[in-house]
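The values are calculated or read from the model by the stated rules, or taken from the named source; none is laboratory data. Source: prediction; values computed, not measured. As a convention, Cβ positions derive from the backbone with ideal geometry for all residues, glycine included, and neighbour counts pool all protein chains shown. Areas reflect the complete protein model, heavy atoms only, side chains present, ligands, DNA and RNA absent. Shrake-Rupley method; radii C 1.70, N 1.55, O 1.52, S 1.80 Å.
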Amino acid sequence: MKTRIVLLAIAAGAIQLAGCKKDDLEPVPTNVVADVSAFDSESRILGQVNGLYATIKNAGLYGGRYQIFNDIRGGDFQNDRTNVVTGFDVWNYTPGNSSGNSVQAVWSRAYYAINLANVFLAGMDAKGAAVVGDEKANQFRGEARFVRAMCYYAMLQLYARPYWDGSGSKPGLPLRLTANTGPSDYNLARATVAEVYTQILEDLNFAEANLPANYATNALNTTRAHTNTAIAIKARVYLSMGRYPDVITEANKIVPASAPFTASTGVAHALQASVATIYTNYSTTESILSMPFSDVETPGTQNQLGYYYGSSAMNGGNGEYSLLSTGIIANTDWAETDARRAFIVTSGTKKYLNKYPKSAPFTDWAPVIRYPEVLLSLAEAITRSSNTVDDRAVALLNAVRQRSDASAGFTSGDFASADELAAAIMTERRIEFLGEGLAGADLTRLGLPLPAKPGITAVAATQQEYIWPISSTELLLNELCVDN
């Protein structure tokens, strides 16, 4: 059968060529570019840059499953299908080295994207920079290094011990920074967690220095990295490392000293008046980075956020995960008057998250980072680094909280200690980013246990199950890589 298909393809090509003049055969097709000509024009180079974003938009990474895996490692969702394909093993803390839809999928997709970034960077050095000039070349390099940083960061949150455990001295990831375009020696030992974070920050610093301040459209500002995107992600990275003064330094670049909190340089990031807006208008200034989908470019099946979190009665979703009755929805600090309560929908006997309401093929954009995360990260960093009830930290917390419930603001006098304020900030993160992929990483960066769930015992920070095992494929092909 394979031979027959090949012959048919050759025959079809011969028929097309028979009707062509010689001049028609000279141009190189713009959609099929050979390696030697991939850097011949700015349009081809830009096509490769767009391809890098498309690679991390894959469901195995930021197109859905990375967010879902981090959500369900927290204590707010109930697994209702016991289906390993849709994360049951992640939810109950039992993924193995050969778990194809989680451990292997995230690992392989991330390293695929990393290698594409490395190949692109090598091509820019060899030829691309001469084609587009230094300034544009560095912008494109910045985007590639941003993508690489995002991949390494995602993997650290799942496959490596948190930074607090030995100040980053524990095994991290094989740190691949050179292009692989053919058979090679892939043996490479795992760098330390600190070494991987150092590379992530180097990439993000380069990106910040070379990315444009903004693009021509709101959609591009939300889907391609610009200066403020790199800054926002750096704040997230430093928070994961517990380097709170550095979080403050980065966040202060795009968060003013007092309300109203709107970035004064680059894209004017700000909270929208209504929290509901950002789940129907995906490219407001609140959304710093999202993965876009449409009826033409749809998420992979059994990967979409709406499919996982919506019920059949809501949006035709599969009801993979309902909301745990003992989770954040039971928190009495989350008032019934809060507008975000509207995202909780009762369907049958269960409650579901309705942030992603589109029906099949479930083309809601997948959020990666929004401006309120920067505000709350800054509030947390101020609180933990100063060990005080700081007025600015309270104001930042209130900005997010009161956007959805004007009557629910705090005063500094409401907190007896910095610990109480920090706890309130963490509660606000759980409410604001429910279903957006922050829960698991927030737990592990603070050394908190992965919570108990119905039929599932809690996992202490010292247990092996606290992090994922290394992909069996990597262990098979890389003799120097050791398992967790």
- [ ] Please determine, in degrees from 0 to 90 and to the nearest 10, the orientation of helix 2-18 with respect to the longest principal axis defined by the Cα atoms of the chain, where the helix direction is its Cα long axis.
- [x] 60
TODO: Could you tell me which of rounded, prolate or oblate describes segment 148-241, using a ≥ b ≥ c as the square roots of the eigenvalues of the alpha-carbon gyration tensor, with rounded for a/c under 1.5 and, failing that, prolate when a/b is larger than b/c and oblate otherwise?
DONE: oblate
TODO: Could you go through segment 43-54 in sequence order and give the Karplus-derived ³J(HN,Hα) for each residue, using 6.51 cos²θ - 1.76 cosθ + 1.60 with θ = phi - 60°, rounded to whole Hz, and x for Gly and Pro?
DONE: 5, 5, 5, 4, x, 5, 4, 4, x, 5, 4, 4
TODO: Find how much the distance from Glu297 to Lys127 grows on full extension, using 0.36 nm per residue of separation minus their present alpha carbon separation; answer in nm with one decimal.
DONE: 58.1 nm
Open item on the list: I need to check one value: relative contact order of the chain, counting alpha carbon pairs closer than 8 Å and at least 6 residues apart, in percent.
Closed with: 20
Task: Lysine pairs meeting the criterion (Cα under 25 Å, 8 or more apart or interchain), as found in the chain - done: 13
TODO: With the full set of protein chains in place, find how many percent of the accessible area of segment 207-309 is carbon and sulfur; take the probe as 1.4 Å.
DONE: 53
TODO: Report, by chain and number, residues whose modeled amide H sits under 5 Å from the one on Ser322, excluding near sequence neighbours (fewer than 5 apart, same chain).
DONE: Gln78, Asp80
Task: Å² per residue, accessible surface of segment 330-426 at 1.4 Å - done: 39
Task: Backbone N under 13 Å from the Ser417 label point (7 Å along Cα→Cβ), restricted to segment 387-403 - done: 387-389
- [ ] Rounded, prolate or oblate: pick one for segment 391-445, where a ≥ b ≥ c are the square roots of the eigenvalues of its C-alpha gyration tensor, a/c under 1.5 means rounded, and failing that, prolate if a/b is larger than b/c, else oblate.
- [x] oblate
Open item on the list: Using the basic label-point model (7 angstrom from Cα toward the beta carbon), what is the Tyr215 to Glu202 distance in nanometres?
Closed with: 2.8
Open item on the list: Nearest 10 degrees is fine. How inclined is helix 103-123 to the longest principal axis of the chain, computing both from alpha carbons?
Closed with: 60
Task: J(HN,Hα) series, segment 273-284, from Karplus relation 6.51 cos²θ - 1.76 cosθ + 1.60, nearest Hz, glycine and proline x - done: 4, 10, 5, 5, 4, 6, 9, 10, 10, 7, 10, 6
Task: Zone residues, segment 343-367, relative to Arg81, backbone N less than 20 Å from point 7 Å out along Cα-to-Cβ - done: 345-367
Open item on the list: Under the 0.36 nm per residue contour assumption, what length would be gained going from the current alpha-carbon distance of Asp483 and Asp134 to full extension?
Closed with: 121.5 nm
Task: Solvent-accessible surface ranking, highest first, for Glu42, Glu428, Glu336 at 1.4 angstrom - done: Glu336, Glu42, Glu428
TODO: Quick one: pull the percent of accessible area on segment 322-473 belonging to carbon and sulfur, 1.4 Å probe, ligands and nucleic acids left out.
DONE: 53
Open item on the list: Compute the distance from the alpha-carbon center of segment 249-266 to that of segment 50-68, in whole Å.
Closed with: 28
Open item on the list: Just to confirm the number: angle between the C-alpha axis of helix 371-386 and the first principal axis of the chain, 0 to 90 degrees, nearest 10?
Closed with: 50
Task: Amide proton proximity set for Ser347, modelled H, under 5 Å, gap of 5+ - done: Tyr352
Task: Distance between segment 442-484 and segment 74-153 - C-alpha centres, whole angstrom - done: 19
Open item on the list: Full-extension gain between Ala342 and Asn252, please, as 0.36 nm times their residue separation minus the C-alpha to C-alpha distance.
Closed with: 29.2 nm
Task: Inter-label distance, nm, simple model (7 Å from Cα along the C-beta direction), Asn281/Ser312 - done: 3.6
Task: Label-to-label distance, nm, for residues given as Asp40 and Ala270 (7 Å Cα→Cβ offset) - done: 4.7
Task: Radius of gyration and maximum dimension Dmax of the chain, Cα, Å - done: 23.3, 83
Task: Interchain or long-range residues, amide H under 5 Å from Gly172's placed H - done: Ala191, Thr192, Val193
Task: Within the chain, helix-based [θ] at 222 nm, where runs of 4 or more DSSP H residues each add -39,500 (n - 2.57), nearest 500 - done: -13000 deg cm²/dmol
Task: In Hz, Karplus ³J(HN,Hα) per residue of segment 223-235 (6.51, -1.76, 1.60; θ = phi - 60°; x = Gly, Pro) - done: 10, 10, 6, 10, 3, 5, 4, 4, 5, 4, 5, 4, 4
Open item on the list: From the convex hull of the Cα coordinates of segment 232-291, what is the mean projected area in square nanometres?
Closed with: 4.8
